[in-house]
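The values are calculated or read from the model by the stated rules, or taken from the named source; none is laboratory data. Being a predicted model, the structure only gives us computed values, none of them experimental. Every residue, glycine among them, receives a Cβ derived from its backbone with ideal geometry; neighbour counts consider all protein chains shown. These accessible areas exclude ligands, DNA and RNA; they are computed on the full protein's heavy atoms, side chains included. Shrake-Rupley method; radii C 1.70, N 1.55, O 1.52, S 1.80 Å.
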Amino acid sequence: MPTYAYACKNCGHRFDAVQSFADPSLTECPECGGPLRKQYGSIGVTFNGSGFYRTDSRKKTSSGDSGGASSPSSTSSSSETKASPAPAGS
């Protein structure tokens, strides 16, 4: 169940309340009886791992991915190798 933060508009008393999504919001301060307002802050979501990539949601096929991925990478690495000695020799 989520924890909600409340603050009183009259006395400034702040507190947290563990409530279900179906529960109604609290409206009365337990200290002075004044009106409450719900506090909104940063949400507690953490993304763990190395990251999210465009290819994470694609289906992996052994023939499609390996053939397409190895061909451009070998071409680009060979063109990089050819391009590197030219500037060094100038």
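Scanning the range 16-46 for residues that are open to solvent by 100 Å² or more (accessible area, probe 1.4 Å) and under 14 Å from THR3 (Cβ atoms) returns ASP16, PHE21, TYR40, SER42, ILE43. Restricting the first member to the range 9-24 and to residues that are under 17 Å from TYR40 (Cβ atoms) and modelled with pLDDT of 90 or more, and the second to residues that are open to solvent by 100 Å² or more (accessible area, probe 1.4 Å) and in a strand (DSSP E or B), the beta-carbon pairs closer than 8 Å and six or more apart or on different chains are LYS9/ARG37. Of the residues making up the range 1-42, those that are out of contact with any Lys or Arg (no Cβ under 9 Å at 6 or more places or on another chain) and not charged (D, E, K, R) number 22.
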